[in-house]
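Shown next, in structure tokens, is the structure this report addresses.
Please treat every number below as a calculation from the coordinates, not as lab data. A quick note: this is a predicted structure, and the numbers were derived from the prediction, not measured. In this analysis, Cβ positions are derived from the backbone assuming ideal geometry, glycine residues included, and neighbour counts consider all displayed protein chains.
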Amino acid sequence: MAVSEAHRAVDAVWRAESARVTAGLAGIVRDIGVAEELAQDALVAALEQWPREGVPRNPGAWLMAVGKRRAVDLLRRRQRLERKVEELGHELLTEGEDDASLEDSLEGAIEDDLLRLIFTACHPVLSTEARVALTLRMLGGLKTEEIARAFLVGEATVAQRIVRAKRTLAQARVPFEVPAGAELAGRLSSVLEVVYLVFNEGYTATTGDDWMRPALCEEALRLGRLLAGLMPAEPEVHGLVALMRIQASRSGARVGPSGEPVLLLDQDRERWDRTLIEQGLAALERAEAPGGPLGPYGLQAAIAACHARARTAEQTDWIRIAALYEALVRQVPSPVVELNRAVALSMAFGAAAGLALVEELADEPALKGYHLLPSVRGDLLARLGRAAEAREEFQRAASLTRNDRERELLLRRAAACGAPVAEAAEPPKP
């Protein structure tokens, strides 16, 4: 087998299996930093052996077996957990053990460990940036340079975040477990937040030359599917999956021929991915199935569903969207959510109704420097015929955004304020 071909195979397998391998090893050594080192050892072994011997029939099980053998060696060297070493040695060091039978025997334990890994990597003791970096490294199998490139930060910065995150978890003695009882809700919200932050950065990049970064959207969707499979009884997990799938369905229509942003009401809905929409609506049904009130992600998914069900922009049920945003504000009091509600009110009841709420938000400290506040205000002023004021707002928004594509769009809108502006700003994301 050619070396280059084997290395491509190793890379593909690592991307697909690294989280499961790391989780399984963390279940043994109870330390995600050590578990990642062991998983990396297995990767190195694959890079050495697969070009000579070929890719094994079950590469994921092969990596797991090698990693667990290294874990056994480590436990022996530490002279700890002697009983567990003996058990693992009996189960995993049997000569000639079949890869498929090994995979079957480990399946249930790995799934449990994978869930523990998610909750550990997203632990609230870590900063948001550290949680995102560690999650993408541990669960996404992304390399440090890939994470740095995706978020347009230095590779050294990402590496430091990951190292510090592992050190923090070790120093805080964070248990490798899924919390129980009341603690689960708080920890689950942290997990969902991390996945959605990754999706949002891909859906509307905050910095750089590109309006979207599809690879991050795809990674968040993959993490969402994984989480839904591991926690099928959690409505908010399905709510998040529904929200991401429905939003991702618009991806092909959100970018013009030259990479320029295309706002929601200007998008060609024939280019929306109907398969993703149907999958998103099905996930929303699962979120609604328990019969109780929807959580924040479920409510946002229901809002996205209103857009998805409307075959044209004119058919959008803006009154229902405004009501859903009102419910969301009650659950998640936030000036950003209120700004979304202002857009919905303007579409349901006229620009003046939306502008009245925007004016109330003008002095919110959380929105100082937030470019979407003047962007929305500029849109509403333009629709009311107040072109000169709208131009100033679009120019201010352009000066605040860090995304080059969005800046170009806002400057074009400022320049167009001499003529009526019919389009509505795409609602900002909560």
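Given contacts defined as C-alpha pairs under 8 Å and at least six residues apart, what's the relative contact order of the chain, whole-number percent?
On the way: 620 pairs, mean separation 45.9, N = 430.
So the answer I get is 11 percent.
List the trypsin sites (Lys or Arg not before Pro) in segment 142-177 that DSSP assigns to loop (not H, G, I, E or B) and whose Cβ has at most 13 other Cβ atoms within 10 Å. Which are they? Answer in residue order: ARG173. Placing +1 on the Cβ of every Lys and Arg and -1 on the Cβ of every Asp and Glu, with no other charges, gives the chain a dipole of roughly 780 debye about its Cα centre. Mean sequence separation of contacting Cα pairs (under 8 Å, at least six apart), scaled by the length of segment 334-430, corresponds to a relative contact order of 30 percent.
Where does the charge balance sit around GLU360 when Lys and Arg score +1, Asp and Glu -1, over other residues with C-beta under 14 Å from its C-beta?
Numbers: positive: ARG341, ARG377; negative: GLU338, GLU359, ASP363, GLU364.
Net of charged neighbours comes to -2.
Which of the GluC sites (Glu not before Pro) across segment 165-259 are loop residues per DSSP, with 15 or fewer other Cβ within 10 Å? Kindly include the intermediate steps, with their values, before the conclusion.
Numbers: sites: GLU177, GLU183, GLU193, GLU201, GLU218, GLU219, GLU236; in loops: GLU177.
Within segment 165-259, the qualifying GluC sites (Glu not before Pro) (loop, at most 15 other Cβ atoms within 10 Å) are GLU177.
Between ALA185 and ARG15, the contour length at 0.36 nm per residue exceeds the Cα-Cα span by 58.3 nm.
Here the relative contact order of segment 234-321, from alpha carbon pairs under 8 Å that lie six or more residues apart, stands at 41 percent.
Taking other residues whose beta carbon is less than 9 angstrom from the beta carbon of ALA398, and scoring Lys, Arg as +1 and Asp, Glu as -1, yields +1.
If I stretch the segment between ARG320 and VAL332 completely, what's the gain in nm (0.36 nm per residue apart, minus their alpha carbon distance), one decimal?
Numbers: separation 12, 0.36 × 12 = 4.32 nm, distance 1.80 nm.
Taking 0.36 nm per residue and subtracting the Cα distance, the gain is 2.5 nm.
Amide H contacts of VAL255: VAL262, each under 5 Å away and 5 or more positions distant or on a separate chain (H built 1.01 Å from N in the peptide plane; Pro and chain starts excluded).
Between GLU278 and LEU411, the simple label model (points 7 Å from Cα in the Cβ direction) yields a spacing of 4.4 nm.
For THR275, THR157, which order do you get if you count the other beta carbons within 10 Å of each Cβ and list the fewest first?
Numbers: THR275 9, THR157 15.
Fewest-to-most Cβ neighbours within 10 Å comes out as THR275, THR157.
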